[in-house]
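The values are calculated or read from the model by the stated rules, or taken from the named source; none is laboratory data. Note that the structure is predicted; figures quoted are calculated from it, not measured. Neighbour counts are summed over all protein chains in view; Cβ atoms, including those assigned to glycine, are modelled from backbone coordinates with ideal geometry. Note: accessible area is taken over every heavy atom of the protein model, side chains too, but ligands, DNA and RNA are not part of it. Shrake-Rupley method; radii C 1.70, N 1.55, O 1.52, S 1.80 Å.
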Amino acid sequence: MLSDILSAVGAVNPHWQSMRVAHSSRMARYAVILERLIGPDGSFPPIGRSLAYRCAAFQPLAQLALHGELPAALPPAQVRCALEAVIRRTLDAPENFDQEGWLRLGLNGSQPNMAEGYISTGSLYLCSTAFLPLGLPSEAPFWSDAPMPWSQRSLWAHGQGVAIDKAMDM
């Protein structure tokens, strides 16, 4: 979300503009790491303090896809398929919702012990940030390109190799 702020005000101050350039390269690198964390079944390591937001952890991938700024290592269709797997994994199970259809606190089902004290049912809807690519037109490569397996799906489900992961150049 820092990228939205820097896009809006970056031109106001030269320091902010240089910050925007550095942030963009870091966000691209982070997107590559995030995509590699998505298991073949759409699961991901339960780390961090915001697990109750479910698929919102992948907002940077969705944001870069929406703005057409995915790094070359992440074809849009690959990201689409990876995000779909995460969304399905974190939202498909009926036990994720109460009797009135509201999300329950937790990552997979009702797990209120996984939520910080400031998290409420309303804040769970940050998961909607994984849906940012819905703002793309239907003819965008994100939607129109043929499905592609994401990194772990390629590796574990299809026995294909993946590119060696390298740190960003500083």
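The packing ranking of peptides 106-118, 122-134, highest mean first, is 122-134, 106-118, where packing means the average number of other beta carbon atoms within 10 angstrom of each residue. Between Glu100 and Asp4, the simple spin-label model (points 7 angstrom out along Cα→Cβ) gives 2.6 nm.
Karplus-based coupling profile of region 2-17, in residue order and whole Hz: 4, 4, 5, 5, 5, 5, 6, 10, x, 6, 6, 9, x, 5, 5, 5, with θ = phi - 60° in 6.51 cos²θ - 1.76 cosθ + 1.60 and x standing for Gly or Pro. Grab the DSSP H runs of the chain that are 4 residues or longer, score each as -39,500 (n - 2.57), total them, divide by all residues and round the 222 nm result to the nearest 500 deg cm²/dmol. Computed mean residue ellipticity for the chain: -11000 deg cm²/dmol.
The HN-Hα couplings worked out from phi for region 99-104 by the Karplus form 6.51 cos²θ - 1.76 cosθ + 1.60 (θ = phi - 60°) are 5, 9, x, 8, 4, 9 Hz, whole numbers, x standing for Gly and Pro. Compute the relative contact order of the chain as a whole-number percentage, counting only Cα pairs closer than 8 Å that sit 6 or more residues apart in sequence. This gives 28 percent for the chain. Under the simplified labelling scheme, the Ala157-Ser144 pair shows an inter-label distance of 2.5 nm, with each label point 7 Å from Cα along Cα→Cβ. Of the accessible area of region 82-170, computed with a 1.4 Å probe over protein heavy atoms only, carbon and sulfur atoms account for 57 percent. Suppose we flag trypsin sites (Lys or Arg not before Pro) only when DSSP calls them loop and at most 13 other Cβ atoms lie within 10 Å. Which is the longest uninterrupted stretch of the chain? The answer is 50-165.
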